[in-house]
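A.B. asks: Before I ask anything, let me first share the structure, which is written out below as structure tokens.
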Amino acid sequence: MSSPRPLDHNPLAEGLIDFKVRDPSLMVIFGATGDLSGRKLLPAIYNLMKQRLLPAGFAVVGAAIDDLDDAGFRKHASDVVTKFSRTQPLDPQVLQAFLQSLFYVRVDFSKLEDFRSLERKVEELDRTRHLGGNRVYYCATPPPTYETIVEQLRDGGLTKSKGFHRIVIEKPFGSDLTSARELTQILQRVFHEDSVFRIDHYLGKETVQNILAFRFANAIFEPVWNANLIDSVQITAAEEIGVELRGGYYEKAGALRDIVQNHALQLVALVAMEPPTSFEATAVRDEKVKVLRAIRPIQDGEVATSTVRGQYKKGWVLGEEVVGYREEHAVSPGSLTETFAGIRMFVDNWRWSGVPFYIRVGKRMPKRVTEIHIRFKRPPHNTFASARDLDPNAITLRIQPEEGISLRFGAKVPSAGLRLRNVSMDFTYMSSFLVETPEAYERLLLDCMIGDPTLFTRADEVEAAWTFIDPIEAAWRDDRPPLASYPSGTWGPPEADKLVQADGREWHRP
Amino acid sequence: MAQTVTSVPVPDIAWHGEAVTIGDVLGALSGIRRKFAHAEAGEDEHPRARNCVMTLVAVATNSADEARAQHASVAIAAHHPHMAIIVCEEVSVREGRIDATIATHPLSPSSTVHAECEVVGLHVQGAAGEHLAALVDPLLLSGVPVYLWWLDSPPFGTRELLDATRICDALVVDSARFDRPYQSFLGLADLALSAHNHLGVADFQWARLEPWREAVAEFFEPKDRRDYMKGIAEVGVDYVGDARGNRIAASLLVGWLASALGWKVKRAVGGKGGVLVAHFELEGGRQLEVAFRSVPKTDLAQGEVSAIRISGASAGRTFQLTVQRDPERHHRLTSDVGPSELKYRHRAGGDDDAGLEVALRTATRDHEVLQRNRETLTHMATGDLPGDEQRHSSTVLPRERRRGENHVLLTMIDIGGAETLRHVQQVDIEDEATLLLKLLSTGANDTVYTRSLTAAAELMRAL
């Protein structure tokens with residue numbers, strides 16, 4: 001007699017707003033005692049548990065070189081969660097339950113025997129906690145370790161249990177097209193592409209996801225979302241902080257690789273993509289990659305006129321005097337690494353023909369802000385004399401902080417005469433929705449456990465982005481254009497202003 | 001997750017008037033809004049738009065409820081600009097008169113959102129109080145959703161309530177506070193079925209059950225456990241109370257299970273010690289017993305669910321899920337405290353103390369005697385003692401709902417006789433403002449609630 005077919009869906013889960021749990025699983029965090037794990041992952045898991053979003057039996061196994069046992073790892077986890085959790089004060093009962101779900105295995109990534117020990121521990125937990133062999137391996141380690149970890153997982157028998165096996169890696173996904181392809185090959189030797197989760201935490205932000213909802217769930221915006229009515233698109237991703245303790249990493253990366261290649265181009269893709277057939281991973285990612293492939297390559301001879309590279313000098317940020325980049329920890333005194341990147345680019349397709357996309361990203365700018373500013377064309381005929389001073393209509397999508405959307409338009413000033421001025425309609429997430437916005441890592445960790453890769457970057461997206469970035473990077477290494485400098489606390493070098501002024505435009509003030 | 005509301009600053013009274021008309025109130029509101037806009041704008045700036053995410057119309061019949069509504073409104077205002085209209089009815093007073101106040105409350109200074117909260121208080125004496133819709137409608141803001149919060153039992157079946165629901169997007173109640181739980185609950189179910197299509201019906205009681213629903217749904221979520229749903233054999237629900245009590249929460253929880261899993265209630269029988277057993281028919285004619293038991297608990301409010309046990313077998317493997325609120329005593333195995341065969345005869349009992357007690361009671365009850373005793377069945381169904389006068393008092397006191405503590409849900413999972421997996425989760429004790437936010441964040445149109453409510457009403461009628 002054949003066994004009955006399992007129910008396709010769980011009728012008891014219907015209507016539960018926060019019900020995100022799926023199959024119980026176990027997460028192994030490589031580099032569990034490191035900075036990323038301490039600042040982001042462990043606090044995110046604690047908060048997921050606090051929101052009752054983790055399934056019964058869920059366990060975390062920390063794997064790192066430090067000589068710890070379960071108790072030592074729990075002590076470490078307690079310390080970092082106390083320090084970095086977004087919800088304070090901590091709930092002692094949740095913290096207790098969280099700590100009891102943590103285990104530790106000392107792992108030297110180069111030793112296969114350590115991975116076999118890890119497998120024994122994982123297998124034991126799997127049996128006693130009814131986890132169904134489901135495993136998520138999170139590489140919270142530097143990219144050079146990925147290859148070793150992946151191979152040891154395979155050789156140590158950690159990818160053979162009956163459930164799912166997923167691997168999560170952090171950016172950078174390679175340092176150029178060649179290395180990105182190599183990384184993909186390494187991962188795909190052991191994991192299917194559907195099981196590879198490349199985290200770009202920007203995509204976990206609610207407002208980034210809302211770009212798609214704004215565009216495709218409303219009938220009034222999409223008809224004007226094209227070159228017929230849009231004049232230009234500006235994307236600003238500014239940070240007020242410097243490189244802090246990441247000088248060593250940043251020296252090799254720079255703003256172009258650190259932010260433009262991933263975060264900024266992902267935002268371009270979301271703003272410019274065609275409507276997907278559904279909000280399903282393959283459909284969304286297919287449309288995104290089409291945009292990335294449609295970005296017009298910047299030819300070697302155009303890099304100097306279409307891009308700006310800058311580096312911050314000492315200055316004042318948020319009322320404090322700060323040092324210049326070259327005085328930062330682990331930064332070469334003669335460094336030519338850019339901390340600011342400005343780019344003018346075009347998406348060569350029917351919808352966006354001739355519309356410039358301006359990107360500026362940088363550190364030590366006046367404040368932390370990420371915005372997409374869609375500027376519309378002026379009306380074809382000027383009916384009102386005073387409308388000459390009126391700014392064109394604009395939609396600003398604020399990613400962070402104060403997530404929201406603004407629409408700018410002209411209105412008559414109440415008076416006897418006919419004077420117009422700009423007014424804005426503001427939508428803010430904070431006040432318009434009666435719910436808290438979850439932290440990006442919480443959302444992404446959950447999606448990973450559920451197996452929904454929509455908000456993760458696919459291999460072909462990564463490769464398309466590097467295809468655009470590599471020629472710029474090559475010219476910049478050749479000092480074209482020359483490295484400009486800007487005082488900390490400003491919106492970048494004057495050359496960035498000239499980049500848009502050359503087209504008769506100005507940067508939007510965030 | 002809904003925001004937890006904590007700080008409650010006192011709003012400023014911006015205007016008050018005695019024996020006024022709604023036109024006076026409107027005029028005063030316009031003046032206040034104009035002043036706010038001018039004060040907010042800088043010299044060279046134009047005033048920004050006022051933000052308002054909803055209008056909350058709260059109906060109270062006494063000053064204590066009025067204070068509750070004010071408290072909730074001001075607490076919500078810390079995060080969400082809105083307008084609240086709090087109507088305190090004194091319909092028994094013959095003389096018709098409206099006294100009104102308008103309080104304003106700017107958002108916290110740290111906020112960059114340019115908005116404020118307005119709380120309009122209307123003290124209505126006489127017949128005007130019976131025409132709620134006509135009173136409130138002129139004050140509503142265009143295009144902003146309106147939520148009608150009735151703080152005690154709404155007058156189900158009356159013209160007043162029907163008219164009031166026509167001007168709102170959702171009716172919010174707390175069925176734990178119904179004066180006459182049985183009748184009011186059935187009235188609520190009827191309203192949910194008969195009201196206009198766009199009316200949402202929301203119940204604080206339903207929001208309080210969310211952690212229970214999550215814990216149960218989660219157990220059946222893994223694909224290899226989905227078939228367990230078809231193998232459920234027994235369910236036991238404990239709720240707080242003495243022999244009688246408010247069984248609404250327990251019925252809603254079982255109604256949710258029944259409506260999701262296609263169970264049809266057939267009959268109910270009472271047993272000793274307040275145990276009541278409802279018999280359901282499942283697909284294929286299989287029978288299922290659900291035992292309701294009231295348990296005394298000093299630390300929980302009357303009527304609150306304190307435990308649920310679900311057991312059964314599928315494909316030759318037994319399973320038992322126990323979700324328990326605030327376990328007070330140390331875990332003891334059934335074999336330590338009673339005959340081990342009870343554990344197998346009455347699986348819904350579980351390994352905890354409460355479970356063993358259910359098993360013992362189930363084992364000793366006499367079905368035949370009680371089935372013949374219709375009066376006792378009425379007692380079980382309504383909570384009223386045979387021949388006793390009905391008490392019309394709220395079963396949940398305000399102070400019981402506002403302890404400001406966190407509680408835990410302990411989930412115990414037994415599958416195929418393997419070691420019991422214990423999982424502890426936090427449950428926030430949520431005040432009314434937080435519960436309102438939680439309900440309203442979904443727009444209060446919850447089809448799962450509506451169908452669970454219908455099934456629970458069917459169950460209560462059968463009891």
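A.B. asks: Going Cα to Cα from residue A:363, which aspartates and glutamates come in below 14 Å? Please leave out same-chain ones fewer than 8 positions away.
C.D. replies: Within reach: A:239, A:240, A:244, A:251, A:258, A:328, A:338.
A.B. asks: Something else about it: How far is the Cα center of segment B:144-176 from the Cα center of segment A:345-401, in Å?
C.D. replies: Segment B:144-176 and segment A:345-401 have Cα centres spaced 46 Å from each other.
A.B. asks: Now a separate question. Students often forget the sequence filter, so: which aspartates and glutamates lie under 13 Å Cα-Cα from residue A:290 once same-chain residues fewer than 8 apart are removed?
C.D. replies: List returned: A:274, A:348, A:460, A:461, A:463.
A.B. asks: Roughly speaking, what % of Cα-Cα pairs in segment B:219-284 are separated by over 15 Å, rounded to a whole number? Don't skip to the answer; put the middle values down first.
C.D. replies: On the way: 1279 of 2145 pairs.
Every Cα pair in segment B:219-284 considered, those over 15 Å come to 60 percent.
A.B. asks: How big is chain A in terms of Cα radius of gyration and Dmax, in angstroms?
C.D. replies: 24.6, 87
A.B. asks: Hey, another quick one. Treat the count of other C-beta atoms within 10 Å as a stand-in for reagent exposure and order A:69, B:227 from fewest to most. Intermediate values should be presented prior to the final figure.
C.D. replies: On the way: A:69 12, B:227 17.
By the 10 Å Cβ count, ascending, the order reads A:69, B:227.
A.B. asks: Further, regarding this structure: What number, in percent, do you get for the relative contact order of segment A:203-501 if the mean sequence gap of Cα pairs under 8 Å and at least 6 apart is divided by its residue count?
C.D. replies: Answer for segment A:203-501 is 28 percent.
A.B. asks: While we're on this one: According to the Cα gyration tensor, what semi-axes, each the square root of 5 times an eigenvalue, does the equivalent ellipsoid of segment A:5-170 have, listed from largest to smallest in whole Å?
C.D. replies: Three semi-axes, in Å: 25, 22, 14.
A.B. asks: Under a 5 Å amide H to amide H cut-off, with H placed in plane at 1.01 Å, what residues pair with residue B:167 once short-range neighbours are removed?
C.D. replies: Placed amide hydrogens put nothing under 5 Å from residue B:167.
A.B. asks: Rounded to a whole number, what is D in µm²/s for segment A:247-324 from Stokes-Einstein with the Kirkwood radius over alpha-carbon pairs (20 °C, 1.002 mPa s)?
C.D. replies: 137
A.B. asks: Pull up all non-local amide H partners of residue B:268: gap of 5 or more, or a different chain, and H-to-H distance under 5 Å with H placed in the peptide plane.
C.D. replies: Hits under the 5 Å cutoff: B:279.
A.B. asks: Tell me, what is the Rg over Rh of segment A:203-501, with Rh the Kirkwood radius over Cα pairs?
C.D. replies: Taking Rg over the Kirkwood Rh, I get 0.98.
A.B. asks: Based on other C-beta atoms within 10 Å, arrange B:32, A:450 from fewest to most.
C.D. replies: A:450, B:32
A.B. asks: Counting only other chains, and only Cβ atoms inside 10 Å, what mean value do you get across the residues of B:410-423?
C.D. replies: 3
A.B. asks: Using alpha-carbon pairs under 8 Å, 6+ residues apart, how would you state the relative contact order of chain A in percent?
C.D. replies: 17
A.B. asks: A follow-up question, please. At q = 0.09, 0.12, 0.15, 0.20 Å⁻¹, what log₁₀ I(q)/I(0) does segment A:297-431 have when each alpha carbon counts as one equal point scatterer in the Debye sum?
C.D. replies: These q points yield log10 I(q)/I(0) values of -0.47, -0.77, -1.03, -1.21.
A.B. asks: Mind checking which lysines have their C-alpha under 30 Å from residue A:111, skipping anything on the same chain fewer than 8 residues away?
C.D. replies: Candidates past the 8-residue exclusion: A:40, A:75, A:121, A:160, A:162, A:171, A:252.
A.B. asks: Let me see the pair-distance distribution of segment A:121-205: every alpha carbon pair, 10 Å bin width, integer percents in order.
C.D. replies: Calculated over all Cα pairs of segment A:121-205, the distribution is 16, 48, 28, 8, 1 percent.
A.B. asks: Could you derive backbone 3J(HN,Hα) for segment B:174-187 from the dihedral phi with the Karplus parameters 6.51, -1.76 and 1.60 (θ = phi - 60°), listing whole Hz in sequence and x where the residue is Gly or Pro?
C.D. replies: Values per residue, Gly and Pro as x: 10, 5, 5, 9, 4, 5, 10, x, 5, 5, 5, 5, 5, x Hz.
Here, each number is a calculation from the coordinates, and none is a lab measurement. Everything numeric in this text was worked out from a predicted model, so none of it was measured. Cβ sites come from the backbone with ideal geometry, for glycine too, and all protein chains shown count toward neighbours.
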